[in-house]
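For reference, the structure discussed in these notes is given below.
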Amino acid sequence: MMVKPKTRIPIPKRPAEERIKDFNEVAVGYTEKEAIEEASRCIQCPDKPCVAGCPVGVDIPRFIKFIREKRFEEAYKVIKERCPIPAITGRVCPQEKQCEKMCRLAKIGQSIAIGALERFVADWAEEHGIYIDKKPDQQIGKSVAVVGSGPAGIVVASDLARLGYQVTVFEALHVPGGVLVYGIPEFRLPKKIVNEELKKLKDIGVDIETGVIVGKTVTVYDLLKEFDAVFIGSGAGNPRFLNIPGEDLGRIYTANEYLTRVNLMRAYMFPAYDTPIHKGKRVAVIGGGNTAMDAARTALRLGAEEVYIVYRRTRREMPAREEEIANAEEEGVKFLFLVQPVEFLGKSKVEALKLEKMRLGEPDETGRPRPIPTGETITIDIDIAITAIGFNPNPLIPKTTPEIKTDEHGRIIVDKEARTTMPRVYAGGDIVVGEGTVIEAMGWGRTAARTIHKDLTST
Amino acid sequence: MMNFEIINRKNLTEGIVEMDVHAPRVACAARPGQFVIVMACEECERIPLTLVDWSCRGGWIRLVFQEVGVSTYKLGMMDVGERLYHVAGPLGNPTHIDKFGTVAIVAGGVAIAAAYPIARAFKEAGNTVVSFIGARNSRLLIYRDHIAKISDEVHISTDDGSEGFKGFVTQLLEKRLADGFKPDLVWVVGPAPMMRSCSVVTKRFGVKTIASLNPIMVCGMGMCGACRVRIKNEIRFTCVDGPEFDAWDVDWDELLHRLSAYREEESYALKLFLESRGIKVSR
């Protein structure tokens with residue numbers, strides 16, 4: 001007898017017309033009942049294909065089984081064995097490309113909503129005051145400096161502190177979290193959640209020092225005198241430009257500046273917060289990644305009437321998560337596909353964007369069809385433009401530490417185990433891969449922590 | 001002493017404050033020409049301020065700033081014993097100090113203080129330092145004694161003629177250059193229009209000029225691109241590629257234009273803030 005698989009319980013979201021009026025979180029999370037129901041769909045495959053899809057190797061079927069049994073605290077402990085920040089990863093991981101993609105149910109229907117369940121467990125633990133993070137009883141008498149408090153640095157710090165290392169995290173900005181605080185918007189990842197998760201790092205004995213720019217305030221050489229090892233997770237975040245005429249006009253932002261003003265500096269609360277931002281009525285966001293979606297949806301919440309995503313290929317080639325594209329569509333972002341910006345027009349401020357129509361050709365080196373100019377142009381009226389066409393790795397550390405070799409894109413070269421070309425220095429995350437996801441960076445952090453532990457205990 | 005605690009504070013003149021802040025890591029790494037990003041409070045803007053002086057042993061850095069916007073007003077209202085919310089630095093590249101021969105230092109307004117550590121470093125490197133300092137009136141001529149102490153000559157201008165040459169400091173420089181003054185290098189800091197005028201003048205006389213730029217900045221570490229400027233038609237970030245550039249290569253119109261990007265918002269916020277604190281400002 002064939003059993004028809006039950007359909008997935010969708011994670012509840014606030015209606016689009018309501019959520020675009022504020023910066024509160026879009027997804028509201030499962031109730032206990034919904035979580036149990038969704039968890040009950042899991043068929044508990046003995047070979048656990050989903051775990052192989054998780055860069056940090058969370059024992060997914062085991063935590064899901066605990067949810068089904070209403071043993072949420074145990075479920076939380078299972079996740080925390082491998083992932084120090086489940087409230088964050090449950091929200092921002094691209095599960096559909098990782099654990100959920102490997103889920104056996106995906107082949108016959110809909111995969112288990114692993115991300116939504118992870119989030120449920122983490123939020124439940126926070127609500128019920130479950131704190132399992134504490135400083136290990138024994139210190140092993142070695143210290144590690146972690147440069148950057150983004151996803152890679154958080155995992156390195158957490159893994160090593162649990163092993164009894166004295167870990168100090170150096171963050172350049174005024175609050176820790178890296179891209180989790182300056183990049184990802186409040187409506188996708190509330191900063192309160194980030195703060196709660198980072199507080200747990202302090203609970204296990206990690207020191208976080210803000211305002212230290214490694215390469216400027218202190219050098220890697222200084223750190224090596226003080227610490228047994230140094231991990232560099234300084235991220236990407238050096239924005240690229242289109243290099244087209246008119247790019248210097250007023251009200252053209254890089255996505256990094258736009259999002260930093262809004263997320264980190266809270267410009268959406270101006271003048272209660274001092275940092276201003278131009279809100280605009282007609283906004284063009286150039287690019288097709290998650291950053292572009294974040295910027296477009298932010299612009300809507302700042303009150304724009306028309307927000308365009310301008311992308312040179314088609315929806316199918318967009319690098320953004322499907323969920324984010326769908327959210328943007330639901331909220332009324334308009335998509336202009338197969339167009340490439342050729343010029344910004346305006347007197348002192350940007351007034352229009354001239355676009356050349358493209359068609360798709362043969363695949364390029366990224367495997368995606370190459371956009372080919374057609375010669376035909378259109379012009380759209382805008383009063384704000386945001387460029388979200390990617391980043392280069394942050395050059396500060398390689399520039400001041402020549403022993404750390406980089407490739408032609410400025411990415412730090414590491415071996416498979418995250419060792420750089422400089423002894424006792426390790427690296428991971430976007431500074432190594434260019435542009436990755438939060439969980440990929442966390443995977444790097446896990447690898448680096450393992451290698452650091454191995455190297456420091458083998459001698 | 002706590003990190004970022006204010007250990008000294010004084011009003012140099014109306015609306016210009018000098019502040020020493022406990023920031024030992026910054027103090028030990030600082031070099032002339034570098035700056036810090038400062039936040040007075042959690043809601044405040046990140047503002048770039050040039051390091052005016054520092055002591056590694058004392059663990060402090062000295063900042064001089066003018067109360068012009070909400071964030072600088074809030075900073076100015078803080079007192080000894082209070083802690084700044086955030087200080088990050090030293091940022092930017094240090095001034096290229098070398099023995100050039102005669103170096104003319106040109107500085108206007110509150111930036112006279114910013115010129116001081118650079119002038120001192122040029123002097124210590126064995127240069128003849130000729131300083132040109134200017135302000136709207138004689139009361140606003142801050143740091144004149146500091147500058148005098150490390151300069152071989154000091155030339156003063158005021159817009160209203162209350163002291164020295166009546167007119168802009170760049171006009172004074174121009175006059176001296178026309179009279180045969182031949183510096184090997186001009187180093188200029190001040191309001192962007194003043195630096196642009198200086199660049200125009202020195203180009204005419206063929207004297208290489210380094211300008212320390214002051215665009216709007218947010219992150220200060222090469223991430224956001226708010227401080228981008230065009231140098232020889234290439235996009236450069238003031239925070240990581242500067243803050244000093246060859247003045248002749250700078251697209252001054254773009255810099256001036258970008259500096260005024262938030263003028264409306266700034267004056268709106270300042271008005272609200274001053275009203276809420278019951279402060280009346282005549283300026």
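Quick notes
- Helix B:169-178 axis, angle to chain B major axis (alpha carbon atoms, nearest 10°): 10 degrees
- Inter-chain shielding of A:240-252 (mean C-beta neighbours from other protein chains, 10 Å cut-off): 2
- 10 Å Cβ neighbours from other chains, averaged over peptide A:269-280: 6
- Principal axis extents of the C-alpha atoms in the range B:20-99 (largest first, rounded to whole Å): 41, 25, 17.
- Where A meets B: accessible area buried, both sides, 1.4 Å probe, Å²: 3700 Å²
- For chain A, calculated [θ]222 nm from helices alone, where every DSSP H run of n ≥ 4 adds -39500 (n - 2.57): -9500 deg cm²/dmol
- Longest to shortest principal axis, alpha-carbon extents of the range B:36-148, angstrom: 46, 34, 22
- Computed with the Debye formula from one identical point scatterer per Cα of the range A:193-309, without solvent, the log10 of I(q)/I(0) at q = 0.10, 0.19, 0.20 Å⁻¹ comes to -0.48, -1.12, -1.17.
- Whole-number percent relative contact order across the range B:136-283, with pairs defined as alpha carbons under 8 Å at least 6 apart: 15 percent
- Of the residues in the range B:245-261, those shielded by at least 40 Å² of accessible area once partner protein chains are present, compared with the chain alone at a 1.4 Å probe, are B:His257.
- Cα→Cβ-extended label distance, 7 Å offset, between B:Asp160 and B:Arg83, nm: 4.2 nm
- Relative contact order (%) - the range A:16-127, alpha-carbon pairs under 8 angstrom, separation at least six: 30 percent
- Burial ranking of peptide ranges A:385-391, A:20-26, A:129-135, B:24-30 (average Cβ count within 10 Å, highest at the top): A:385-391, B:24-30, A:20-26, A:129-135
- Taking amide H positions as modeled 1.01 Å from N, with prolines and chain starts lacking one, the residues under 5 Å from B:Thr128 and 5 or more places away or on another chain are B:Gly101, B:Thr102, B:Val103.
- Entry comment: accessible area of the range B:6-91 is 34 Å² per residue, from protein heavy atoms only and a probe of 1.4 Å.
- Cα-based Rg / Dmax (Å) for the range A:382-459: 15.1, 61
- The angle between the Cα long axis of helix B:111-124 and the longest principal axis of the Cα atoms of chain B comes to about 60 degrees, rounded to the nearest 10.
- Per residue, the Cα convex hull of chain A amounts to 164 Å³.
- Working note: 222 nm ellipticity from helices only, DSSP H runs with n ≥ 4, each -39,500 (n - 2.57), summed and divided by the residues of chain B, gives -8500 deg cm²/dmol to the nearest 500.
- Residues in the range A:314-339 reached by a label modelled at A:Lys281 [backbone nitrogen below 19 Å; 7 Å Cα→Cβ]: A:333-334
- Per-residue mean of foreign Cβ neighbours for A:211-221 is 6 (Cβ atoms of other chains, 10 Å radius).
- The range A:360-425 and the range B:209-246 have Cα centres spaced 21 Å apart.
- Share antiparallel - DSSP beta bridges, the protein assembly as shown, percent rounded to 5: 50 percent
- What a 1.4 Å probe finds exposed on chain B is 48% carbon and sulfur by accessible area, rounded to a whole percent.
- Convex hull volume of the range A:16-127 per residue (C-alpha atoms, cubic angstrom): 113 Å³
- Across chain B, counting alpha-carbon atoms alone, Rg and Dmax equal 18.2, 54 Å.
- Based on Cα contacts under 8 Å between residues 6+ apart, the range B:6-91 shows a relative contact order of 38 percent.
- For the range A:237-295, the Kirkwood radius over C-alpha pairs fed into Stokes-Einstein at 4 °C and 1.567 mPa s yields D = 103 µm² per second.
- Occluded residues from the range B:88-104, i.e. those whose accessible area drops by 10 Å² or more once the chain is not alone (1.4 Å probe): B:Ala88, B:Gly89, B:Pro90, B:Leu91, B:Gly92, B:Asn93
- Label reach from B:Asp152 (point 7 Å along Cα→C-beta): in the range B:179-208, amide nitrogens under 18 Å belong to B:179-188, B:207-208.
- The packing ranking, built from the mean of other Cβ atoms within 10 Å per residue, places the peptides B:145-155, A:294-304 in the order A:294-304, B:145-155, highest first.
- Principal axis box of the range A:239-391, alpha-carbon based, largest edge first, Å: 51, 37, 26
- Two-site FRET efficiency, A:Thr457 against A:Lys399, from Cβ-Cβ distance with R₀ of 30 Å, rounded to 0.05: 0.40
- With respect to chain B, whose longest principal axis is taken over its alpha-carbon atoms, helix B:263-276 is tilted by about 50°.
- If the convex hull is drawn through the Cα atoms of the range B:198-277, its volume per residue in Å³: 112 Å³
- FRET efficiency for B:Glu124 and B:Cys28, using Cβ-Cβ distance with R0 set to 22 Å, rounded to 0.05: 0.75
- Accessible area of the range A:239-391 divided out per residue, in Å², using a probe of 1.4 angstrom: 38 Å²
The values are calculated or read from the model by the stated rules, or taken from the named source; none is laboratory data. Not measured: the values here are computed from a predicted model. Note that we place each Cβ from the backbone using ideal geometry, even for glycine, and neighbour counts take in every protein chain shown. The accessibility values were calculated without ligands, DNA or RNA, using every heavy atom of the protein model including side chains. Shrake-Rupley method; radii C 1.70, N 1.55, O 1.52, S 1.80 Å.
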